[in-house]
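The values are calculated or read from the model by the stated rules, or taken from the named source; none is laboratory data. Worth saying up front: this structure is predicted, and the values here are computed from it rather than measured. Please note: Cβ atoms are built from the backbone with ideal geometry, for glycine as well, and neighbour counts cover all protein chains shown.
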Amino acid sequence: MMQHYEVEDTILRSNAELTLTRSDKVSLEIKKGTLTLPVKVADKRRGFIFLGEGKLLIDAIVETERGAVGKPVQRELRELFLMLGNTEETSKHLEKASDDDLRRNDFTEKTLLAKAQDLLAKFMGKEGAHGSEHFRQSEGSIFAFPNEESNLDLLLLNGPRLIYTTKDMAFICDGDKSVLNTPRQVFLSAQGTSLPFGRPHMHNGCCQ
Amino acid sequence: MSEDLKQEMKKLKEEMASLKDQLRDAGQEGRNKRRGIYIDFGNSVQDYVEDVMQGVAEGVHGELDKSIFIGPRGCRIMRGHGPWREEDENTFDFNEAAKAMSALGHEHRLKVLSSLMTGGKYINELQEGLSEITTSTLSSHLNVLEEAGLVVQEKVRGRYLITMPGRTAYQMARKVTRFLKAGGEE
């Protein structure tokens, strides 16, 4: 059954610098004062939409016996982005935002809410058709970042498993098994043994 | 057994032998027929085939000339060496190559690459093998290697890893050195 996702109209702000996720391969932090809009699924808080200063680091690097392939992704987050997953820890560091907080970011309550709803609608356009019910029961997190082409780059995390997809690349990592799909080549690696081959026409998972 | 019967038996044996021969010939003919159709195209086709074969032979001979090096210490087969083409030279990025070679051109940077050949390392682990230089000097060497694409640094954990081009470049440096030490005869 398809779940109903909606943005709460309560605008909050982070009262500390927060690490939304951190592992060997990925780190996502937001600065103190980041505007935060909770996302509800079936009347339960299941995620947030953030706007403020954030930093995303992903080591999209495959280690092979012939050397490392790929490069780290380092991204400053200044646009709205979505997080769905465990909200408990983050909720502890949120407080009600003031009008000044909104003004500092050149938004009113109404414009910010509209923009957040647009982002959620765009995400649901892709994800709602096949992933929402599964996600509701999952322990992992999903992040969606708007990119320059007005599409969404997706980051999915669940334990040691990581999937990051953009227009130009897809990186999948599960412990010592990795796949890196670049415009030129695809690298498969398991326990240090690699298998590079020419890039077939693969769907890179980027939201249209 | 009467003499007539013996004669009759002899005749029958000869007939059987003759029939066997005929059968064998017929079988052989059948097999020949199954192998293909023989058509005589005359000398022109034969000449053409001979020309093709000669071309192939010359090509193989030429390739062998390029890939087999016979020196005073014996014979060596050079693998993976394609013909030297001028168009390759036109597209060769000399600037990029110079940058990579320049990154290799320092003893400490070569030592860093050597250390990374066994796996990713943090800067303090690299420093242990290079106690003769300071951490800031090591950092600047790592920056040069990273800029040339021979090394990549993980942004989350901070480890340094040798890249595929880095590994190839280091192996190439070792090979060139060995070659020079052997007086260019390897």
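At-a-glance table
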quantity: Every residue from the range A:15-45 that is among the basic types (Lys, Arg) and crowded, with 20+ Cβ neighbours inside 10 Å; calculated: A:Lys25
quantity: Members of the range B:127-150 found to be in contact (Cβ under 8 Å) with a residue 12 or more places away in the chain and either hydroxyl-bearing (Ser, Thr, Tyr) or under 19 Å from A:Asp24 (Cβ atoms) (or both), listed by number; calculated: B:Thr135, B:Thr137, B:Ser139
quantity: Tally of residues being touching a residue at least 24 places away in the same chain (Cβ under 8 Å) and of a type in the set (Val, Ile, Thr) across the range B:102-126; calculated: 2
quantity: A:Asp106 being of a type outside the set (A, V, I, L, M, F, W, C), surrounded by fewer than 16 Cβ atoms within 10 Å (Cβ to Cβ) and within 20 Å of A:Ala121 (Cα to Cα); calculated: no
quantity: Counted residues, the range A:63-94 - those being surrounded by 15 or more Cβ atoms within 10 Å (Cβ to Cβ), away from chain B (no Cβ under 14 Å) and not in a loop (DSSP other than H, G, I, E, B); calculated: 7
quantity: Counted residues, the range B:105-119 - those being closer than 22 Å to A:Thr64 by Cα and either modelled with pLDDT of 95 or more or loosely packed, with under 12 Cβ neighbours inside 10 Å (or both); calculated: 10
quantity: Residues located in the range B:122-168, provided they are modelled with pLDDT under 95, among the acidic types (Asp, Glu) and under 20 Å from B:Gly105 (Cβ atoms); calculated: B:Glu132, B:Glu147
quantity: Near pairs, Cβ below 6 angstrom, 6+ apart or cross-chain, from the range A:64-82 (modelled with pLDDT of 90 or more) to any residue that is surrounded by 17 or more Cβ atoms within 10 Å (Cβ to Cβ) and among the hydroxyl-bearing types (Ser, Thr, Tyr); calculated: A:Gly67/B:Thr163; A:Ala68/B:Thr163
